Amino acid sequence: MANTSARRRAALASIGLGTVLALCPQVWADTPAANGAAAIPAPNVMMQQESFAPLVKKVLPAVVNISVTEADHHASPMADEDEPSQGFRQSPFDEMLRRFFEQQGRNNPFDEESPDGGGVKRIALGSGFIIDADGHIVTNAHVVGDASKVEVTLQSGDKYTAKIIGKDTRTDLAVLKISAGKNLPYVNFGNSDAAEIGDWVVAVGNPFGLGGSVTTGIISARGRDIHTGQFDDFLQIDAPINRGNSGGPTFNLRGEVIGINTAIYSPNGGSVGIGFAVPSNVAKTVVSQLEEHGKVDRGWLGVQIQEVTPAIASSLGLKNDHGALVAVVTPDSPSAAAGLKQGDVILAFNGQDITKMRDLPRDVAGAAPGSKATLTLWRDGKESQVDVKLGQMPNNPQVASAGSEERQAQPNDDRASAMGLHLAPLTRDVRSELHLGSTAHGVVITHVDGGSLADNLGLARGDVIMSINQQPMNSPKEAADRLRDIAKSPNKTALLLLNRHGVTQYLGVELSKNQG
């Protein structure tokens, strides 16, 4: 019995020690290793942050609830003009899902019958935050929509009708103004570039109409591109944000706004811990211009670009796959005036390296229209620099199709095959069938052999090969011979310029002589 009791006491002691170590990792980290090796310090998680209450007390008074209202009148002969905007048919949360993830929206549950029987009053709820004592407020552009009336409610319960100073749909930001007749509490923007993955964040807003709600979490990722536009550069956070949080602030532990909550990913309509916020360093410039001018002026270069893949980099002789590849130069644009050419790779803008393709649109847009910029290009196997005077970004910039004068098929433009591709001349009838303009040129792919290299590369019937390694293709035989020659060369990489459903794009491929 004595031995049994001793064994039980020893087992309980072991269990207790295990529990203590699991709950107190810092104790374990500070204990020297038995073999004399240096112990690796454990991260001091949670011990530095006993409560978020002081932070919340500091910032909460500056966070506001936003209610947007518009009357939906009965049908009339001018139904198109009377139809309310999409933003009022859905809540801000549903609008985010529709815009960012193309999920089906729901009817707005905040519909009310107008007292005068004139139709349905659409009410959308969102969040915002005050940025100065005079009452300027930042929120999302999709929260505001095209409202004729916006009401702001402070944490004190005071309500004010807000004026829309300006909005920018490209970054989904808007600035409002209320006149309270007194100085208002406000918060400041922080430096979102200093925010790191794993940093604590606090989100405050008006989810489901429950004003003054606070959630906490961490930054899960930076620089997220969720394919909503050329300025995507979101912070991803796991602090729960839900319907009505749109336009609300994300704070760091110093009480500075480092993000504006804009979108969530949700397969079920609720928060699953994947939210997206516009970084404060993006918002600062936009908000400043909206306050001053009511709109945002952006620089414009006038090029259609695409990513430089490893295959494309190899075909062009680049050491890495950085930069932005020019697929189309817009006629009568700043880039055309500066002499940019299709196939140029823009490596730097004003000395700032273009690491990823989407760096270029943001850098150009951040420059003032009319200002001069220096581009570092890769052309013909070497670097060069060109100066360009930026234009004003149009509301709907048009990118013209690349092409040349109409070419008529010659008698010797026979069909040809190579690399699993079956090629034919691009005649007037083929252009019509493919809905291509008269300036489209090259050779058309009529068939792709299953399991061939071309099939594995994603080439398809109807694709038009415009050029190979920057050389225009005028006949199927010329294209087939060129592909076979490259397959036999030491490099074996080819840069194809394709016209696919009217869209011009480059494709880098690695060929093999066994595929000829």
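Which far-off residues, 5 or more places away or on another chain, put their amide H under 5 Å from the one on Ile218, with H placed in the peptide plane?
Val201, Asp238, Ala239
Residues with amide H under 5 Å of Asn469's amide H, sequence separation 5 or more or different chain, H placed in the peptide plane at 1.01 Å from N; which?
It is Leu495, Leu496, Leu497, by chain and number.
Amide H of Ala162 versus every other amide H placed in the peptide plane: which residues, excluding those fewer than 5 positions away on the same chain, fall under 5 Å?
Answer set, sorted by chain and number: Val150, Glu151, Val152.
If the limit is 30 Å between Cα atoms, which of Lys295/Lys382; Lys284/Lys319; Lys177/Lys372; Lys356/Lys477; Lys58/Lys167; Lys58/Lys284 go over it?
Table pairs above 30 Å Cα-Cα are Lys295/Lys382; Lys284/Lys319; Lys177/Lys372; Lys356/Lys477.
Of all the accessible heavy-atom surface of segment 435-516, with the other protein chains kept in place and a 1.4 Å probe, what percent is carbon and sulfur?
The value for segment 435-516 is 46 percent carbon and sulfur by accessible area.
Rounded, prolate or oblate for segment 425-495? Axes are the square roots of the Cα gyration tensor eigenvalues, ordered a ≥ b ≥ c, and the cut-off for rounded is a/c under 1.5.
oblate
Using the heavy atoms of the protein chains alone and a 1.4 angstrom probe, what is the accessible area of segment 143-228 per residue in square angstrom?
Per-residue value: 49 Å².
Please turn the phi angles of segment 187-202 into ³J(HN,Hα) values with the Karplus equation 6.51 cos²θ - 1.76 cosθ + 1.60 (θ = phi - 60°), one per residue in order, whole Hz, x for glycine and proline.
10, 10, 6, x, 9, 5, 5, 7, 6, 10, 4, x, 5, 5, 9, 10
Students often check this: by mean Cβ neighbours within 10 Å, which of 274-285, 210-221 ranks highest, and how do the rest follow?
So the order, starting with the most tightly packed, is 274-285, 210-221.
Which order do peptides 496-508, 286-298, 237-249 fall in by mean Cβ count within 10 Å, highest first?
Top to bottom by mean Cβ count within 10 Å: 237-249, 496-508, 286-298.
Going highest first, how would you order 440-446, 459-465 by mean Cβ packing within 10 Å?
Going by the mean number of other Cβ atoms within 10 Å, highest first, we get 440-446, 459-465.
The values are calculated or read from the model by the stated rules, or taken from the named source; none is laboratory data. Predicted model only: the values in this text are computed from it and were never measured. Positions of Cβ are backbone-derived with ideal geometry, glycine not excepted, and every protein chain shown enters the neighbour counts. Heavy atoms of the whole protein, side chains included, go into the accessibility calculation; ligands, DNA and RNA do not. Shrake-Rupley method; radii C 1.70, N 1.55, O 1.52, S 1.80 Å.
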